[in-house]
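Engineer: Here it is, the structure, as structure tokens.
Rule-based calculations on the coordinates, nothing more; no lab input. Note that the structure is predicted; figures quoted are calculated from it, not measured. Here Cβ is always computed from backbone atoms with ideal geometry, including for glycine, and neighbour counts include all displayed protein chains.
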Amino acid sequence: MGILAVILFLIIFILILKGYPVALTLGGVSTLFALVLMLVAPGTIRLGDFYLLPPRFMGTLNNTMLMAVPLFIYMGIMLEKSGLAESLLDTMSNLFGEIKGGLAISVILVGALLAASTGIVGATVVTMGVISLPVMLKRGYKEELATGVIASSGTLGQIIPPSVVLILLADQIGANSTGVSQVDVGTIFKAAILPGVFLVFAYIMYVLIICKMYPDWAPSISKEEIQRSRAKGFGKKVVKAFVLPLLLIIAVLGSILKGIASPTEAAAVGAFGASVLTFIEGKFNLSVLHQVMRQTMRLTAMVFLILLGATTFTLVFRTLGGDEFLVHLVESANLSATGFLIIVMLVMFISGFFIDFIEIIFIFIPVVTPIFNVYEVDMLWVAILMAMNLQTSFLTPPFGFSLFYLKGVAPPQITSTHLYRGILPFILIQIVCISILMFYPELIYMFT
């Protein structure tokens, strides 16, 4: 029966690679697989086992932690409409323009601020691509460096809280873990702060080093142009550009870190704050509100439909004894906990070349978490490693979504080759950062 469960997993994985809808594949194939087994192998699975599905579905829908997902999505989309990114990029480029690679550093820092404010990768990459890429190319930046910086900075919202990835990881690990291994959203947000800052620092160091080695890759802005841009009123412009998003970040993350509000309550504060910020910027109207709510509804429906399909898959997989079979398989192979972790990370990294991070979470977490429980591995540490690993799925060709987003708004002279060559150093940086966190796990506990 355990082998049957593994066969089910492989069938679903192959069909998703073929491009079939994830939610329908997870739920539909699992149900059909179970029905066929009832007919050809009575006793392997019973009709009564499916009576557990409705209460599991309702348990998922009633999970207050998952209420934060649509609220954070709303916050991110609303902030995209506010013009926050344009204001930040313009201000940052004037502040760092005299430094070699200053414009690239500005993009990274704005990406980090938007990550802590929105967490929506598509919106961040498209916005920065439209605003900053033509400017970087006009100022003589090498195509690979410009595209690599924008695409990688746009994905920081996957590791810097508040992040939908972290919420989904906490939910799935919590649902499949026992005892001390359980992970809650507040704790995983705290644990992700230092790795996120570490990654931003690594990106900036790479830009500074590469600009030192190849000065013509990132020319600095002339002093005359900077003086013109820093004319009267520049100080007020800087304050306005930074104060509003920082207040929102403090309201959301600060309330979670201080224990004043739960992640769901903080998400509600963030959604309201994003609406207020958009109103202050003069961009809020009924048309914008309608667009934001429609996009929020579509993204939320997609996430929850996949979640319901994953619930069906998990039920069938465990009823067939798939988790016990894999635990036995790993134990008989005499793998150490570190060895198993490395295998899981490699498989997730390779899967990120072909499938989306949400699909990876809902397919792999229910399968591997019980094995980590046997090893008594701290799942908070594993969750952060997985989050950084999943971030690379937005960058790895051929199906890295950040690359698609950026290519869609890039000038005609930017080719796919520029994108692939430009993103490679940043993927290597992320692998190095994952390796450091893997061998120095104490780094993630500094804020917990």
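Engineer: Mean separation of Cα pairs under 8 Å and 6+ residues apart, divided by the residue count of the stretch 2-445: what relative contact order is that in percent?
Structural biologist: Value for the stretch 2-445: 29 percent.
Engineer: Helix 263-280 against the longest principal axis of the chain: what's the angle in degrees, Cα atoms only, rounded to the nearest 10?
Structural biologist: Roughly 30 degrees, rounded to the nearest 10.
Engineer: Still on this structure: Quick one: check the C-alpha center-to-center distance for the stretch 180-209 versus the stretch 266-335, whole angstrom.
Structural biologist: Using only Cα atoms, the two centres lie 20 Å from each other.
Engineer: Could you please tell me the mean projected area of the C-alpha convex hull for the stretch 2-445, averaged over all directions and given in square nanometres to one decimal? Display every interim value, and only then the final one.
Structural biologist: Working: hull surface 89.2 nm².
If I average the Cα hull's projected area over directions, I get 22.3 nm².
Engineer: May I ask you to order 28-35, 384-391, 236-243 by the average number of other C-beta atoms within 10 Å around their residues, highest value first?
Structural biologist: 384-391, 28-35, 236-243
Engineer: Given the rule -39500 (n - 2.57) for each run of at least 4 DSSP H residues, summed and divided by the residues of the chain, what is its mean residue ellipticity at 222 nm, to the nearest 500 deg cm²/dmol?
Structural biologist: Mean residue ellipticity at 222 nm (helix-derived): -23500 deg cm²/dmol.
Engineer: With +1 assigned to the C-beta of every Lys and Arg and -1 to the C-beta of every Asp and Glu, and no other charges, what is the dipole magnitude of the stretch 21-140 about the Cα centre in debye, to the nearest 20?
Structural biologist: 160 debye
Engineer: Another question, if that's okay. So which of 237/407; 142/223; 190/236; 100/138; 81/223; 138/212 end up more than 26 Å apart by C-alpha? Working shown, then result.
Structural biologist: Numbers: 237/407 31 Å; 142/223 21 Å; 190/236 32 Å; 100/138 15 Å; 81/223 32 Å; 138/212 20 Å.
Correct reply: 237/407; 190/236; 81/223.
Engineer: On a 0 to 90° scale, report how tilted helix 379-392 is relative to the longest principal axis of the chain, with both axes built from alpha carbons and the result rounded to the nearest 10.
Structural biologist: 60 degrees
Engineer: How far is helix 2-17 tilted, in degrees, relative to the longest principal axis of the Cα atoms in the chain, given as a value from 0 to 90 rounded to the nearest 10?
Structural biologist: Long axis of 2-17 versus the principal axis of the chain: about 30 degrees.
Engineer: Continuing with this model, one more query. Among 344, 187, 45, whose Cα sits farthest toward the positive end of the charge dipole of the stretch 2-445 (+1 at Cβ of Lys/Arg, -1 at Cβ of Asp/Glu, about the Cα centre)?
Structural biologist: Result: 187.
Engineer: With +1 on each Lys and Arg Cβ and -1 on each Asp and Glu Cβ, and nothing else charged, work out how big the dipole of the chain is about its Cα centre, in Debye to the nearest 20.
Structural biologist: 1360 debye
Engineer: Sticking with this one: When Lys and Arg each count +1 and Asp and Glu each count -1, what net charge do the other residues less than 12 Å away from residue 22, Cβ to Cβ, add up to?
Structural biologist: Local net charge: -1.
Engineer: Whole-Hz ³J(HN,Hα) for each residue in the stretch 246-256, computed from phi via Karplus 6.51 cos²θ - 1.76 cosθ + 1.60 with θ = phi - 60°, x for glycine and proline: what do you get?
Structural biologist: 3J(HN,Hα) across the stretch 246-256, in whole Hz: 5, 4, 5, 4, 5, 5, 7, 6, x, 5, 6.
Engineer: How do 100-111, 278-289, 349-360 rank on mean C-beta neighbours within 10 Å, highest first?
Structural biologist: 100-111, 349-360, 278-289
Engineer: So if R0 is 51 Å, what FRET efficiency would residue 445 and residue 138 give, r being the distance between their Cβ atoms, rounded to the nearest 0.05?
Structural biologist: So, using R0 = 51 Å, E works out to roughly 0.70.
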